[in-house]
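Everything below concerns the one structure shown next.
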Amino acid sequence: MSVRTDRAGSRPAHHLTDELLVDYAAGALGEAESLVIATHLALCPACRTAVAALEDVGGALLEGLAPAELATGSLDTVLARIGGEAPATPRVERKPPSGDRILVPEPLRGYLQASLEELPWKGLLPGLGMFEIATAGKTRKTRLLRVKAGTPMPEHTHRGSELTLVLAGGYSDERGHFVRGDIDITDDSVRHQPVADSDGDCFCLTTTEAPLKLTGRIGRLLNPFVRF
Amino acid sequence: MVVAVGARRDRQAFAALFAHFAPRIKAYLMRSGCEATAAEEVAQEAMVTLWRRAETYDPRQASASTWVFTIARNKRIDMVRRERRPEFDPADPALVPEPDAPADRVAEAAQEATIVRAALDRLPAEQQEMLRLAYFEDMPHSAIAEACDLPLGTVKSRIRLALARLRKTVKEE
Ligand SMILES: [Zn+2]
């Protein structure tokens, strides 16, 4: 098995949309999308700057709100609560386990119990492994995908929106080349057949709108495709 | 003032911050659909968090109101929606750093907040309202479109327009 280790300092070329940046800064997205977005932010100074500016807008909007009336004794309640409290302890710096060939940034790292290569991958198709990540909300699924170097994916369309972040290796389709840190946003208008780069396995974090529960014979037949 | 709370555990400074921010955090929660009692509880929780984290507040990174906004937003996700809010860790060794060392922004962050605020006040009323919807209603673009009975494309372009105008005004200041 081969792994391509990308230059640590390289910066992504495919970014988040304004819409996703606003929704993330406003706190309007669920855990699944936020996980993919925040992990991109760890790898992308440009989008971090954009989110900071959008949070400034949030701060300005908060300032502009007409103050609501507080409950009687509100301040005293809070003062009593913080009364005996010692100053916050400084945070402990977390180091990624040494020896991992692929650096997984936070917040994704906190969701995984092992390095990318040591995760218990579930084989979906030849050359394609999957590892499911539990996130809140019934409407989305979050997974890691591992695609063997040089493997083409089955051609597929999407139900609803799909958000993908490349963690290692890369892939190409008619829309371009995606490598570590790049975000790929697809919706049901995109029909594509990505091919993993030949010089190393491709690892991606992806979240999709959960497929409709199909029942009956046809549903079961369709499922391996729909699930992907 | 946040800095005074962080460095000296200054209760008077905290009381002043409380008087300014707690009623606005409560208004923010009520705007996103909370009952007064629940909004009060979240506002108090947010102020406790402000006290606990004051030491980590970095005035070079954000103005006080921006920082408080992020605390209130995260409390809403945690207490009202009961979900995790995944965020990057600025101290993560795996974080890809800025191309250049960040410039000293102390004066800038506070100044910028005033400028953004003034620019916001000068936006046409319907654009201001669009931004309030995007930030306060706890709904992504797609849900706003549904609630307002507008095509998603229209909501996207209105919000983008409002932000573009805001950026332009901020740049001209
Ligand atoms: Zn980016």
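General remarks:
- Qualifying position, being at pLDDT 80 or above and open to solvent by less than 30 Å² (accessible area, probe 1.4 Å), among A:Leu125, A:Leu116, A:Leu79: A:Leu116
- Scanning the range A:32-45 for residues being within 7 Å of another protein chain (Cβ to nearest Cβ) and open to solvent by 10 Å² or more (accessible area, probe 1.4 Å) gives a total of 0.
- Residue check for A:Glu93: open to solvent by less than 30 Å² (accessible area, probe 1.4 Å), in a loop (DSSP other than H, G, I, E, B) and either under 30 Å from A:Ile133 (Cα atoms) or at pLDDT below 95 (or both): no
- Of the helices (runs of 4 or more DSSP H) lying entirely inside the range B:1-91, the ones with 3 or more residues being at pLDDT 95 or above are found at B:11-31, B:36-53, B:64-75.
- Residues that are under 16 Å from B:Leu50 (Cα atoms) and of a type outside the set (Asp, Glu) within the range A:54-79 comprise A:Gly59, A:Leu62, A:Ser74, A:Leu75, A:Thr77, A:Val78, A:Leu79, listed in sequence order.
- Considering B:Tyr135, B:Tyr57, the condition of being closer than 30 Å to A:Thr72 by Cβ, out of contact with any Ser or Thr (no Cβ under 7 Å at 6 or more places or on another chain) and not assigned by TED's automatic domain parsing to the domain that holds B:Arg31 is satisfied by B:Tyr135 alone.
- Count of residues meeting criterion [within 15 Å of the ligand (Cβ to nearest atom) and either touching a Cys at 6+ places or on another chain (Cβ under 7 Å) or part of a helix (DSSP H, G or I) (or both)] in the range A:36-65: 18
- Some residue of the range B:109-124 being at negative phi and over 20 Å from the mean Cα position of the chain (by Cα): yes
- Subset of the range B:34-93 (residues that are facing chain A (nearest Cβ under 7 Å) and aromatic (Phe, Trp, Tyr)): B:Trp51, B:Phe69, B:Phe88
- Subset of the range A:162-190 that is open to solvent by 40 Å² or more (accessible area, probe 1.4 Å) and under 21 Å from B:Leu152 (Cα atoms) - its residue that is nearest to the ligand (Cβ to nearest atom): A:Ile185
- Of residues in the range A:9-30 being in a helix (DSSP H, G or I) and surrounded by fewer than 22 Cβ atoms within 10 Å (Cβ to Cβ), the one nearest to the ligand (Cβ to nearest atom): A:Leu21
The values are calculated or read from the model by the stated rules, or taken from the named source; none is laboratory data. If you're wondering where the values come from, they're calculated on a predicted model, not measured in any experiment. Virtual Cβ from ideal backbone geometry, glycine too; neighbours counted across all protein chains shown. The protein model used for the area step is the full one, side chains on, heavy atoms only, and it has no ligands, DNA or RNA in it. Shrake-Rupley method; radii C 1.70, N 1.55, O 1.52, S 1.80 Å.
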